[in-house]
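Asker: I'd like to ask some things about the structure below.
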Amino acid sequence: MSDFVHSGWGWFVAIATVVSLVFCLVLLIIASRRKVMAADNSTGHVWDEDLKEMNNPLPRWWMWLFVITVVFAAVYLALYPGLPFNTGTERFGGTLRWTSVGQFEAEQEKARAALVPVYAKYAEMTAEQLAQEPVAMGIGQRLYLNNCAQCHGSDGKGSTGFPNLADGDWLGTGTHDYVKTVIVEGRMGVMPPMAAAVGSGEDVKNVAQYVLSLSGSAHDSVAAQLGKEKFAVCAACHGADGKGNPALGAPNLTDKIWLHGWGEQAIVNMITQGKNNAMPAQGRLLTTEQVHVLAAYVLSLSQTTRVAGN
Ligand code: HEC
Ligand code: HEC
């Protein structure tokens, strides 16, 4: 702000504030000492024939209220940042040195400190043990809704490009440590464009049909048969049987779970354009202990699906 606003304005506001406070006090003193003007204690003004304006002093208690407000203002301005003049290079911030940011940080620090013993207990537990702790799962769910739901959906079921976290199917290994690492560091899912390696447009379509056949999806079996041979260039990452490779993050193509859409066109697009799919790192937003609990919650999403569903 001070880059744009001349510091003289700070002084102007500070002086105007102090002068008006003093002015209020002076006015109060003058008003309380003012002598009666006419013999009958009136100002001499008369309306509607007999309505006289009297000149009584303010009631004492009323006057003291005024004094108290002025004193309160003075004390407040000394303690809190209310007078925006500069002392040296710094702006006068009140003797308490209170700032809204400082208060916010102090409250945050207090909340964090209160949670330390809670998280200390959870840090010792495995994901399976945490899944049995309703309080831990409640914390995990709130962390999830605040930090992850916008991309993965409030139920964790994801959408095109954003993986379903509740189906037990993972691009990577799906362990507790894996999920923790993804949360902290984010993730890059990279498949290079492969059309040149596959061959002609017809070849690309045939491979796509072969990929569909891997999961028993509706496909053209003649085309699939032709594409099978070309799938060799895909096998390096997706495996010869198309079951994927968690170490490379290459998904299983035989499970009817389609992160980037189902059907010939979606697969042709994957082959011709490749994919750079990124999850931004979330580590800055969460403590290590929070990540530990949150990852256990994420794993529990597919656990409950498995128990209830299959
Ligand atoms: C800005 C969107 C975004 C946010 C926010 C986000 N993610 Fe992701 N996440 C993604 C995308 C996109 C991928 C897929 C990356 C890829 O294709 O490799 C992903 C992948 C993952 C994976 C790997 C899935 C697998 O199958 O291996 C996990 C686990 C995960 N996210 C958990 C989380 C958690 C927990 C949070 C909250 C702390 C979160 N994500 C927040 C977009 C997001
Ligand atoms: C260099 C490794 C690599 C090669 C080679 C490769 N892929 Fe992929 N593929 C990946 C990765 C990694 C992903 C996941 C991208 C992500 O995380 O979003 C992927 C995703 C896909 C998907 C999307 C799956 C889904 O669930 O939606 C399809 C389909 C696919 N690949 C087909 C192929 C075909 C066909 C070939 C051969 C022409 C091929 N890939 C070659 C690494 C590879």
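For every residue, the table says whether it meets (1) open to solvent by 40 Å² or more (accessible area, probe 1.4 Å); (2) in contact (Cβ under 8 Å) with a residue 60 or more places away in the chain.
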| residue | (1), (2) |
| --- | --- |
| 223 | no, no |
| 228 | yes, no |
| 236 | yes, no |
| 261 | no, yes |
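Asker: So how many residues does the range 80-121 have that are in contact (Cβ under 8 Å) with a residue 40 or more places away in the chain and of a type in the set (Asp, Glu)?
Answerer: 0
Asker: Which one of 247, 240, 218 is more than 10 Å from ligand 2 (Cβ to nearest atom), in a loop (DSSP other than H, G, I, E, B), open to solvent by 30 Å² or more (accessible area, probe 1.4 Å) and closer than 20 Å to residue 162 by Cα? Steps first, please.
Answerer: Details: 240 fails: closer than 20 Å to residue 162 by Cα; 218 fails: closer than 20 Å to residue 162 by Cα.
None of the other options fit; the residue is 247.
Asker: Answer yes or no: is there a residue in the range 106-116 that is open to solvent by less than 60 Å² (accessible area, probe 1.4 Å), within 30 Å of residue 292 (Cα to Cα) and outside any helix (DSSP H, G or I).
Answerer: For the range 106-116, residues open to solvent by less than 60 Å² (accessible area, probe 1.4 Å), within 30 Å of residue 292 (Cα to Cα) and outside any helix (DSSP H, G or I): absent.
Asker: State whether the residues of the range 182-204 include one that is within 13 Å of ligand 1 (Cβ to nearest atom) and either free of Cβ contacts under 8 Å to residues at least 60 places away in the same chain or aromatic (Phe, Trp, Tyr) (or both).
Answerer: Step one: filter the range 182-204 for residues within 13 Å of ligand 1 (Cβ to nearest atom), giving 182-191.
Of the ones still in play, those that are also either free of Cβ contacts under 8 Å to residues at least 60 places away in the same chain or aromatic (Phe, Trp, Tyr) (or both) are none.
No, that holds for no residue.
Asker: Do any residues in the range 265-282 that are farther than 24 Å from residue 201 by Cβ have Cβ atoms under 6 Å from those of residues that are at pLDDT 95 or above and more than 9 Å from ligand 1 (Cβ to nearest atom), where the two are at least six apart or on different chains, and which pairs are they?
Answerer: Filtered contacts from the range 265-282: 281/185.
Asker: Which of the residues spanning the range 155-170 are near ligand 1 (Cβ under 9 Å from one of its atoms), farther than 15 Å from residue 280 by Cβ and open to solvent by less than 40 Å² (accessible area, probe 1.4 Å)?
Answerer: 156, 158, 165
The values are calculated or read from the model by the stated rules, or taken from the named source; none is laboratory data. Quick caveat, the model's predicted, so the values are computed rather than measured. Glycine also receives a Cβ, built like all others from the backbone with ideal geometry; neighbour counts cover every protein chain displayed. Calculation scope for accessible area: heavy atoms of the full protein, side chains included, ligands and nucleic acids excluded. Shrake-Rupley method; radii C 1.70, N 1.55, O 1.52, S 1.80 Å.
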